[in-house]
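Beneath this line is the structure, given in structure tokens, with notes to follow.
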Amino acid sequence: MITSDVTKSIISYETPRCIQEYLLRHSFKKDFEYIVSKLQSDDSRRLMKLMIQDNRVSELSYRQALFNHRKRYQQMAHEYFEKNELDAILYPTMAVLPCNLEEYK
């Protein structure tokens, strides 16, 4: 089973970087911290602030978490699709892997 620490490493590393890259690519004149400060959901804002604080995940730790567990993530996704007879799942536009597929019913 993939541990929550592995998932947290991946999400904490990718999310701020992906959002900031998106903002830069589309010439949005605000940064990730500004976007987080304007979130209306207290839960979402709190989680995003934790990502900013936890953004000390090294690239080495991130790459180890991602590549050592990639096959298992793919297997879990495939099993979830088969079990629930799904052809597709829509996620927000951020490239973030789900934490635990069993939680998505």
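When peptides 11-18, 30-37, 79-86 are ranked by their average number of other Cβ atoms within 10 Å per residue, the highest-first order is 11-18, 30-37, 79-86.
A crude spin-label estimate for the pair Ala88 and Ser44, with each label 7 Å from Cα along the Cβ direction, gives 2.2 nm. Extension gain, Gln20 to Phe81, is 18.9 nm, computed as 0.36 nm per intervening residue step minus the present C-alpha separation. Leu23: net charge of surrounding residues, Cβ under 9 Å, Lys/Arg +1, Asp/Glu -1, itself excluded? Its environment carries a net charge of +1.
With 0.36 nm allotted per residue and the present C-alpha distance subtracted, the Gln53-Tyr34 stretch has 5.4 nm of extension available.
Rule-based calculations on the coordinates, nothing more; no lab input. Quantities reported herein were computed from a predicted structural model and do not represent experimental measurements. Here Cβ is always computed from backbone atoms with ideal geometry, including for glycine, and neighbour counts include all displayed protein chains.
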